[in-house]
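Only one structure is covered here, and it is reproduced in the block below.
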Amino acid sequence: MIRETFRKQGFRILLSLSAILLLSVGCSKGEANKKLYVYNWSEYMPDEVIAEFEKETGIDVVYDVYSSNEEMYAKIKAGGGGYDIAFPSSDYAKIMIGEGMLQKVDRSKLDNMKHLDPDFLAKMTFDPQHDYAVPYAMGAVGIAVNTKYVKDFPRSFDIFKMEKYKNRMTLLDDMREIISSALLIHGYDQGSTDPEALRKAKEEALAWKKNILRFDSEGFGKAFASEEYWVAHGYAENINSELSDEQKKHFVYFIPEKGAMMAIDSMVLLKDAKNVEAAHRFMNFIMRPEVYVKIVEHFNMPSINVEARKLKSIPDLYPIEELKRATVLEDIGDAVQVHNKIWEEIKLAR
């Protein structure tokens, strides 16, 4: 997610421009025959951005979509698709780098990277030299509050310990989000397998669970809008899109002071990419401030592009400074098996 944040309706791009249009924008014959194969999350790039790139470059974008990192990884690992660019989240980008599934980008062809916020570039510990991953979007899972019913509350996960809101709250049904957050709150690494660390994380998660109505990763936005939930752990964009203008007057969203997890979705160049030059042009085009602002305004997400921030005409759903204190979700290797066991115990506990 940003791990499954904006991705349920599936934008599909109509491909190819006529030869007349290609020539009218000054494209060479070579450019007119070029294609670029992009594999991205569904509903994660406005149609107009793709159309502008095609018009400017004469490169036809063949655009396909996936609904999870697992789906994307499995297809590429099996050699399917023939894609040039994919958009993995941070944990899967680390896996793909480690397994040799990517080729290095040519930074000399990505001059628009200069517009990216260095504070967020520094968070890319899975690719610290930015050899493989070009950040596309970053976002954290936070907490939404309906202030019509919830008045005084901590801006932390302790809100889920407030018994007076029992059965009016929800947490994501996501093992990595819940276990990692609980570990971080107690000062442990997100991939810890230390028995004492896991005991504390489990106790923390159980203290939250006893007051929530359910774990919910699908309907939390609609249920918050219908006031079934007054407090919801989830993605700001999913919730905000469900609210009326009147409801937004009572909508507060914050990134927890401790334990917040964030995702970085990056553009990567696949090992077997055939259209490498076109791929670099596309990535550099996306980072152009006047282009990138169209993406962040379309999805109303914080801009990691400093110059695009200056062009943004609508307010962020939460201050970007809050995003800086979140921890990037990374691949935890074999620790996931231990965490899965703890997660099952939490889900089954009564």
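The values are calculated or read from the model by the stated rules, or taken from the named source; none is laboratory data. No experiment lies behind these values; they were computed from the predicted model shown. Backbone-built Cβ (ideal geometry, glycine too); neighbour counts: all protein chains shown. Keep in mind that these areas ignore ligands, DNA and RNA; they rest on the heavy atoms of the full protein, side chains included. Shrake-Rupley method; radii C 1.70, N 1.55, O 1.52, S 1.80 Å.
So that you can scan it fast, the table gives a plain yes or no per residue for (1) open to solvent by less than 30 Å² (accessible area, probe 1.4 Å); (2) modelled with pLDDT under 95; (3) farther than 30 Å from GLN190 by Cα:
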| site | (1), (2), (3) |
| --- | --- |
| LEU15 | no, yes, yes |
| LYS29 | no, yes, yes |
| ASN69 | yes, yes, no |
| GLY81 | no, yes, yes |
| ASP106 | no, no, yes |
| LEU116 | yes, no, no |
For LYS341, only one of the following conditions fails: (1) surrounded by fewer than 17 Cβ atoms within 10 Å (Cβ to Cβ); (2) within 25 Å of GLU54 (Cα to Cα). What is its number?
(2)
Scanning segment 260-297 residue by residue, those open to solvent by 10 Å² or more (accessible area, probe 1.4 Å), closer than 26 Å to GLU70 by Cα and either of a type in the set (D, E, K, R) or modelled with pLDDT under 95 (or both) turn out to be LYS271, ASP272, LYS274
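Okay, residues lined up against (1) in contact with a Lys or Arg (Cβ under 8 Å, 6 or more places away or on another chain); (2) assigned to a helix (DSSP H, G or I); (3) over 19 Å from ALA236 (Cβ atoms):
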site: PRO135; (1), (2), (3): no, no, no
site: GLY139; (1), (2), (3): no, no, no
site: VAL145; (1), (2), (3): no, no, no
site: PHE153; (1), (2), (3): no, no, no
site: ILE159; (1), (2), (3): no, yes, no
site: LYS164; (1), (2), (3): no, yes, yes
site: ASN167; (1), (2), (3): no, no, yes
site: THR170; (1), (2), (3): yes, no, no
site: GLU177; (1), (2), (3): no, yes, no
Being of a type in the set (Ser, Thr, Tyr) and either open to solvent by less than 30 Å² (accessible area, probe 1.4 Å) or farther than 24 Å from ALA236 by Cα (or both) narrows SER313, SER303 down to just SER303
Selection from segment 244-291 of residues more than 23 Å from HIS130 (Cβ to Cβ) and small (Gly, Ala, Ser) yields SER244, GLY259, ALA260
Per-region count, segment 134-161, residues over 21 Å from ASP174 (Cα atoms), aliphatic (A, V, I, L, M) and either open to solvent by 10 Å² or more (accessible area, probe 1.4 Å) or more than 14 Å from the chain's Cα centre (by Cα) (or both):
1
If you check HIS233, HIS250, which single one turns out to be within 25 Å of GLU322 (Cβ to Cβ), surrounded by fewer than 17 Cβ atoms within 10 Å (Cβ to Cβ) and either in contact with a strand residue (DSSP E or B) (Cβ under 7 Å, 6 or more places away or on another chain) or among the acidic types (Asp, Glu) (or both)?
HIS250
Matching entry among GLU237, GLU242, GLU177 (being in contact with a Ser or Thr (Cβ under 8 Å, 6 or more places away or on another chain), within 22 Å of PRO302 (Cα to Cα) and among the acidic types (Asp, Glu))
GLU237
Lone unmet requirement of (1) part of a helix (DSSP H, G or I); (2) crowded, with 22+ Cβ neighbours inside 10 Å; (3) touching a Leu at 6+ places or on another chain (Cβ under 8 Å) for ALA182:
(3)
Quick one: count up the residues across segment 195-227 that are outside any helix (DSSP H, G or I) and open to solvent by 70 Å² or more (accessible area, probe 1.4 Å).
4
Log entry, pairs with first residue in segment 185-205 being farther than 12 Å from VAL338 by Cα and aromatic (Phe, Trp, Tyr), second being open to solvent by less than 20 Å² (accessible area, probe 1.4 Å) and not in a loop (DSSP other than H, G, I, E, B), beta carbons closer than 6 Å, six or more apart or on different chains, reads TYR188/ALA197
Given (1) within 16 Å of TYR136 (Cβ to Cβ); (2) modelled with pLDDT of 95 or more, LEU329 misses just (2)
